[in-house]
Amino acid sequence: MKPYSLIIFLSASTAALAADLDYYRDVYPFLKANCISCHNKTTTKADLNMETPELMIKGGESGPAIIPGKGAESLIVTASLHTKDMEMPPPNNKSGAVNLIPEQIATLKLWIDQGAKGSVMEERAVVLQAFSASIDPIYSVAITKDGRYVACGRSNHIYVYDLATRQFISQISDPAEKNGAAHRALVQSLAFSPDGTRLASGSFREVKIWKLENGRPAGSDARPTTNAASAELIKKIAAAGKVGVLSSAMSADGKLVVTGCDDGAVRVWDAAGVKPVIELRGSVAAAKKMAELDWTIAAQTLEQAFQKNEVTRIEAQDKALDILLGKAKEAIVAMNKVLPEKQKAVTPTTEAKATAQKVVDEVTAKIKAAPAGKPDAALDKELKTAQDKLITANMTEVSALAAVSAAQSNVKDAEDDVKRITDSKAANAKALAAANAAMAAAKALQDKATADLAAAKLAVTKATAKAVSVSFSADARRVAALLDDGTLRVWAAASGTPIEESTGNAAATTTIASAPDGSFVATKAVTQTVGSSPRWVLERKLDQKGLFADRVNAVRFSPDGKTLATGGGELSRSGDIIFFDAASGKVTQTWKEKHSDTVLCLDYSPDGKRLASGGADKIVRVTDIATGRQVNLFEGHTHHVMGVAFRSDGRVLATAGAEGTVVTWDMIIGERKKKIDGWSKEVTSLQFIGATNQIVTSAGDNRIRIVTDDGTEVRAMANLPDYMQAAVSTPNGGAFVGGGEDSILRVWDGAGKELAVFGGK
């Protein structure tokens, strides 16, 4: 009864659907839901792609899937009807595809009968709905190169925090979006420019570039926020600290007191217990210089370690070459020793061959001289015997000559080996000298930087300028001091980091007032302002029609800050990389289908010449940016590649996999260096820490974990409340920041102690 009822339905449907069918409107939706998931560009089962009519006509292993004008004979129809021993989609398939219903089969057959015509897919506007308040995961975290500011995306909002003061400072908003949002959809990716003046954010089909604007100081609007400490409290502080107090101020809540001391330091005290909280010294320039020296020390430590490994490798190679060289020389001596004997053995064999040949010739002559040319049997037998002896003699000579040739060849091969090994040792000697020289140079730079750093730290403690006036900010997060050299300096109270300052070169304002008794009073005042709240404003939006196929999963500025690279693509179909001029927003390069699935992560090499990309296709590619030529293709992951990061010297690339591993790659030889295990779920991000070989990672096993590129675990912040999506580090490894599904941004110090916890604003 089933075939009969279907025939009746098809007949009725043909009348109902007399008008020409449109492929994308009428056919494509049910094919996409139940067929194309297994027959597409990426997953082409049976070599059949069903994404367009043309591809279905082309067919696969079983021939054309459709025959225009012949719906009943088309393979796609017979397979949908489960005839001819073919059942599509197959039962219990992993794609969740279900059998086409009779109405769909009727539509499919009629469309083929009408010629299987293609059509133009109408672009449908994606209408994004407002997010639920419970949907606010942190998918991305970015940190400025100097480690001062960190940004995170929560849902479709972006928040910026000051790691020096350990406080929220700004929510980045696009006036065109609702509720202070930065994007309409989830924030998928974030990256600061190297100078920290731009922040790029990626979302669904758009990238926004935000420009840093420092707000203008309040200036004349400023009002005193602190009061001087009591004389009694100052006396206790002076006694406890054994210092002279030149100036003081209380925090607004009266819990803290800051003092300018006669040794040049500014100190914060707990007012109740008269206990020191933090000592504030140094300038912004000095802090920057010390950070640069820290980087140099770390970089040269890394350089020495690399060159030391090179020396060890070359020396080990030389030892192996010495063994081979000894064997080659021994072979030459041995062969030269036996060669004369083998050469001497040739002469008798040659003579024996000549004698045998002579006998053959003589017997042959006798046979020719026989009457009527018919020799008797005795001569024939004699000739046969002579010929056999000649063959034996000839073979003996050939063997003797071969023995000589083999010995000579062995000598030649050994001599070639000696030359090759000697040349290799000579090259190694140069490489060894270069490695030792590089190691010595790195050591000298490290020693100088270490000495300069020690001197800089000492200079900070020996500062001669003294604080003649001090003050807290209203929230006590910042401490300001006016020094007797005219400098106005601000420190972060939580970390002791000098963050802002102005020099005393402002012009003085002088006023003269008269008194009733006829006297005059002249007053000279200097007004200085420092400190402002940074904010990022929308500079431009990159969302031209057709520019991005889907989510922008990765954004990364080039080392010089001039170019922005973005990664995304259409899920399960293509992985695209697009480059923009950071200043103008113009597209400078487009790499379509660089990956066969969406691009999830990007990183520039330190010299800016290469770009590493990882995608959902489990592949890592390193591409020369100038030519677009692929330099490396790494296949070491069995799941999505979630993160890529170059080491500061460019010699190592680290990649994170959703299968729960990190793989490091030797970029000099283009091979795997180390596969690092120890995660029970996806490794979601990774970043090299400054100029070291240490890598900070985030993972779905509720951990922030630090490992070396050789696989040694340094430390881990474990047992976190939820799945971690992103982690970053300050350049010196003094602070780590991580965020994840619970929407909390956490900050730890270099030892793993929690310093701050930030929820949504």
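The values are calculated or read from the model by the stated rules, or taken from the named source; none is laboratory data. Note that the structure is a prediction, hence the values are computed from the model and not measured. When we count neighbours, we look across all protein chains shown, and the Cβ atoms used for this are built from the backbone with ideal geometry, even at glycine. Side chains included, ligands, DNA and RNA excluded: accessible areas come from the protein's heavy atoms. Shrake-Rupley method; radii C 1.70, N 1.55, O 1.52, S 1.80 Å.
Of everything in the range 633-651 that is assigned to a loop (DSSP other than H, G, I, E, B) and touching a Pro at 6+ places or on another chain (Cβ under 9 Å), the residue that is farthest from VAL555 (Cα to Cα) is ASP649. Screening the range 710-761 for residues that are aromatic (Phe, Trp, Tyr) and within 25 Å of ASN553 (Cβ to Cβ) and picking the one that is nearest to the chain's Cα centre (by Cα) gives PHE736. Of the residues in the range 414-435, none is under 18 Å from GLY282 (Cα atoms) and either in a helix (DSSP H, G or I) or of a type in the set (Asp, Glu) (or both).
So that you can scan it fast, the table gives a plain yes or no per residue for (1) in a loop (DSSP other than H, G, I, E, B); (2) modelled with pLDDT of 95 or more; (3) of a type in the set (D, E, K, R); (4) open to solvent by 50 Å² or more (accessible area, probe 1.4 Å):
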{"site": "LEU653", "(1), (2), (3), (4)": "no, yes, no, no"}
{"site": "ILE669", "(1), (2), (3), (4)": "yes, yes, no, yes"}
{"site": "ARG672", "(1), (2), (3), (4)": "no, yes, yes, yes"}
{"site": "VAL707", "(1), (2), (3), (4)": "no, yes, no, no"}
{"site": "ALA716", "(1), (2), (3), (4)": "no, yes, no, no"}
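Per this entry, SER5 is not counted among residues that are surrounded by 15 or more Cβ atoms within 10 Å (Cβ to Cβ), more than 18 Å from MET86 (Cβ to Cβ), in contact with a Pro (Cβ under 9 Å, 6 or more places away or on another chain) and at pLDDT below 90.
Of the residues making up the range 299-327, those that are open to solvent by 40 Å² or more (accessible area, probe 1.4 Å), closer than 29 Å to ASP447 by Cβ and among the β-branched types (Val, Ile, Thr) are THR301, THR312. Checking each residue in the range 577-620 for being assigned to a strand (DSSP E or B) and of a type in the set (A, V, I, L, M) picks out ILE577, ILE578, VAL587, VAL599, LEU600, LEU602, LEU611, ALA612, VAL620. Candidates are the residues of the range 679-701 that are open to solvent by 50 Å² or more (accessible area, probe 1.4 Å) and not polar (S, T, N, Q); the one that is farthest from ASP607 (Cα to Cα) is LYS681.
For the condition at pLDDT 95 or above, assigned to a helix (DSSP H, G or I) and not hydroxyl-bearing (Ser, Thr, Tyr), what is the one hit in ALA331, ALA320, ALA372, ALA407?
On the way: ALA331 fails: at pLDDT 95 or above; ALA372 fails: at pLDDT 95 or above; ALA407 fails: at pLDDT 95 or above.
Just one listed residue meets the conditions, ALA320.
Every condition in (1) without any contact (Cβ under 8 Å) to a residue 40 or more places away in the chain; (2) within 24 Å of VAL696 (Cβ to Cβ) holds for PHE646 except the one numbered (1). What about TRP295, is it open to solvent by less than 50 Å² (accessible area, probe 1.4 Å) and modelled with pLDDT of 95 or more? Answer is no for this residue.
ALA400 satisfies every condition listed in (1) within 60 Å of the chain's Cα centre (by Cα); (2) of a type in the set (Gly, Ala, Ser); (3) surrounded by 13 or more Cβ atoms within 10 Å (Cβ to Cβ) except (1).
If you go through the range 574-589 and keep only what is in contact with an Asp or Glu (Cβ under 7 Å, 6 or more places away or on another chain) and either of a type in the set (Phe, Trp, Tyr) or open to solvent by 50 Å² or more (accessible area, probe 1.4 Å) (or both), you end up with just THR588.
For beta carbons closer than 6 Å, sequence separation of 6+ or different chains, a first residue in the range 702-717 that is in contact (Cβ under 8 Å) with a residue 60 or more places away in the chain and a second that is in a loop (DSSP other than H, G, I, E, B), the qualifying pairs are ASP709/ASN693.
If you go through the range 60-82, how many residues are part of a loop (DSSP other than H, G, I, E, B), open to solvent by 10 Å² or more (accessible area, probe 1.4 Å) and either in contact (Cβ under 8 Å) with a residue 40 or more places away in the chain or among the small types (Gly, Ala, Ser) (or both)? Spell out the reasoning first.
Pass one, the range 60-82, residues part of a loop (DSSP other than H, G, I, E, B): 61-62, 64-74, 81-82.
Those left that are additionally open to solvent by 10 Å² or more (accessible area, probe 1.4 Å): 61-62, 64, 67-70, 72-73, 81-82.
Still in the list and also either in contact (Cβ under 8 Å) with a residue 40 or more places away in the chain or among the small types (Gly, Ala, Ser) (or both): 62, 67-70, 72, 81.
Going through the range 60-82 one residue at a time, the tally reaches 7.
Just the residues that are over 22 Å from VAL757 (Cβ atoms) and either out of contact with any Phe, Trp or Tyr (no Cβ under 9 Å at 6 or more places or on another chain) or not in a loop (DSSP other than H, G, I, E, B) (or both), please, taken from the range 144-153.
Let us first name the residues in the range 144-153 that are over 22 Å from VAL757 (Cβ atoms), namely 145-146.
Residue satisfying the conditions is ASP146 alone.
Among the candidates GLY244, GLY254, GLY273, which residue alone is surrounded by fewer than 19 Cβ atoms within 10 Å (Cβ to Cβ), of a type in the set (Gly, Ala, Ser) and in contact with an Asp or Glu (Cβ under 9 Å, 6 or more places away or on another chain)? Unique residue meeting the criteria: GLY244. Within the bounds of the range 356-368, is there any residue that is open to solvent by less than 50 Å² (accessible area, probe 1.4 Å), out of contact with any helix residue (DSSP H, G or I) (no Cβ under 6 Å at 6 or more places or on another chain) and either outside any helix (DSSP H, G or I) or of a type in the set (Lys, Arg) (or both)? No - not one qualifying residue is present in the range 356-368.
Considering only the range 436-486, state which residues are assigned to a strand (DSSP E or B) and either of a type outside the set (Phe, Trp, Tyr) or without any contact (Cβ under 8 Å) to a residue 60 or more places away in the chain (or both).
Keep residues of the range 436-486 that are assigned to a strand (DSSP E or B), which gives 467-472, 478-483.
Within the range 436-486, ALA467, VAL468, SER469, VAL470, SER471, ARG478, VAL479, ALA480, ALA481, LEU482, LEU483 qualify.
What number of residues within the range 721-739 are over 27 Å from VAL652 (Cα atoms) and either at pLDDT 95 or above or not in a loop (DSSP other than H, G, I, E, B) (or both)? Number satisfying all stated conditions: 1.
The rows are residues; the columns are (1) over 15 Å from GLY282 (Cβ atoms); (2) modelled with pLDDT of 95 or more; (3) of a type in the set (Ser, Thr, Tyr).
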| site | (1), (2), (3) |
| --- | --- |
| ASP447 | yes, yes, no |
| THR450 | yes, yes, yes |
| ALA456 | no, yes, no |
| THR461 | no, no, yes |
| SER469 | yes, no, yes |
| GLY486 | yes, no, no |
| GLU500 | no, no, no |
| ASN505 | yes, no, no |
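If a residue must be modelled with pLDDT under 90 and closer than 20 Å to LEU390 by Cα, how many such residues does the range 343-369 contain? Break it down stepwise before answering.
Keep residues of the range 343-369 that are modelled with pLDDT under 90, which gives 363-369.
Add one more test, that the residue is closer than 20 Å to LEU390 by Cα, and what stays is 363-368.
Of the residues in the range 343-369, 6 are modelled with pLDDT under 90 and closer than 20 Å to LEU390 by Cα.
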